[in-house]
1. Starting from the Cα-Cα distance between His207 and Asp167, subtract it from 0.36 nm times their residue separation and give me the gain in nm to one decimal.
2. How many nm separate the modelled label positions at Arg77 and Lys179, each set 7 Å beyond the Cα in the direction of the Cβ?
3. Among Thr120, Leu195, Thr281, whose Cα lies farthest out toward the positive end of the dipole of the chain, if unit charges sit on the beta carbon of Lys, Arg (+1) and Asp, Glu (-1)?
4. Can you give the charge dipole size of region 271-322 about its Cα centre, rounded to the nearest 20 debye, using +1 on the beta carbon of Lys and Arg and -1 on the beta carbon of Asp and Glu?
5. Which value at 222 nm does the chain reach when only helices count, each DSSP H run of 4 or more adding -39,500 (n - 2.57), with the total divided by all residues and rounded to the nearest 500 deg cm²/dmol?
6. Can you give the charge dipole size of region 4-100 about its Cα centre, rounded to the nearest 20 debye, using +1 on the beta carbon of Lys and Arg and -1 on the beta carbon of Asp and Glu?
7. Longest span of the chain, sites excluded, free of trypsin sites (Lys or Arg not before Pro) in DSSP loop with at most 12 other C-beta atoms within 10 Å?
8. To the nearest Å, what is the center-to-center distance of region 137-213 and region 1-55, using C-alpha atoms only?
Amino acid sequence: MVEQRELRVTQMTLEAEGVLSVRLTRIESDKPLPAWEPGAHIDVYVPDGSTRQYSLCGDPQDLSAYQIAVLREPEGRGGSAFIHDELRVGDRLLVTRPKQGFALEDAPYHALVAGGVGITPIMAFAEHLDRQGRPFRLTYGGRTASTMAFRSRLAALGDRVTFLAEDSDGRPDLEAIVKELPEDGLVYVCGPLALLRAVQAAVEAVHGPDQDVVRFELFSSVGVERPESAPLDGDSYELVLAKSGHTLRMKPDANILETVLALGIEVENDCRDGICGSCVTPVLSGTVDHQDLVLTKKEQAAMDKMMICCSRPTCDRLELDL
Ligand code: FES
């Protein structure tokens with residue numbers, strides 16, 4: 001059962017052109033909200049019953065409220081339009097507990113790169129690293145200065161933050177950024193696909209191919225090319241759901257998440273496209289053709305978990321902890 005709670009909207013601030021931050025405060029004042037780590041998000045229920053994911057960008061030590069920032073997306077499905085146009089201070093909003101799909105790994109140095117509203121989890125990382133006295137640099141790019149949210153809050157981090165408005169400053173020099181990476185340093189990226197691809201290309205140009213140093217979160221899978229699906233021997237495989245006791249014969253292209261949900265087994269899910277990490281499921285045995293954009297190369301190679309909304313096995317028997 002997905003844990004949900006109602007929170008009250010207690011503050012709405014226009015942080016930049018088209019970017020509204022929303023403070024969501026607990027209703028029962030004596031109970032702290034569930035704790036969260038930088039990189040976590042909550043799912044917000046919009047009036048049609050569907051959810052939208054928003055990264056948390058407030059103070060993790062303040063468990064009386066959460067803060068999110070919402071970019072108005074004129075071409076979106078209506079969630080951001082509802083929040084911008086209809087939601088008001090005093091309203092209640094149903095949300096899930098915080099989920100972690102973009103955790104900050106330990107490293108001697110973090111290069112943080114944000115594009116547009118991708119600044120929300122990246123700002124939470126930067127403030128966390130600052131509190132811990134750990135080295136980082138943050139490069140924040142936007143179309144124009146007026147579209148870049150949280151500039152004054154980020155200015156408190158001093159010269160470790162570089163603001164680049166594309167119309168006046170141009171694009172970030174990503175090769176210069178990744179050149180500063182020491183051994184075991186990591187690059188965290190949040191923004192559009194083009195930014196991620198550019199960071200990956202810069203890492204490859206500077207440090208060579210097969211460097212597993214980029215961690216990222218995307219807001220949409222539009223434009224993502226997935227790896228060619230690995231062929232499966234035979235025309236079906238056995239799916240074993242260990243906890244619930246089901247054994248099924250599956251066609252290679254049958255969707256595991258849909259199959260499992262149809263059996264009445266609850267699995268958290270949101271994007272159904274391999275980008276949010278909600279449906280991550282432990283793999284007890286078998287090998288997987290990973291099609292998600294969430295797990296790192298190392299995590300994918302470990303074969304101990306998979307996103308069941310988009311990935312499938314490469315073996316004739318897959319056992320899941322469901
Ligand atoms: S539902 Fe988002 S990764 Fe599977």
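Throughout, read-outs are computed from the coordinates displayed, never taken from laboratory work. Note that this is a predicted model, so its numbers are computed, not measured. Methodologically, a virtual Cβ is constructed for each residue, glycine included, from the backbone with ideal geometry; neighbour enumeration extends over all protein chains shown.
1. Values: separation 40, 0.36 × 40 = 14.40 nm, distance 2.95 nm.
Length difference between fully extended and current span is 11.5 nm.
2. About 4.3 nm, to one decimal.
3. Going by the Cα projections, it comes out as Thr120.
4. Details: 6 positive and 8 negative charges, 21 e Å.
Taking the Cα centre of region 271-322 as origin, the dipole is about 100 debye.
5. Per the formula, -5500 deg cm²/dmol.
6. Details: 12 positive and 15 negative charges, 56 e Å.
Dipole of region 4-100, to the nearest 20 debye: 260 debye.
7. Values: sites that count: Arg77, Arg88, Lys243.
Counting at most 12 other Cβ atoms within 10 Å as exposed, the longest clean stretch of the chain is 89-242.
8. 27 Å
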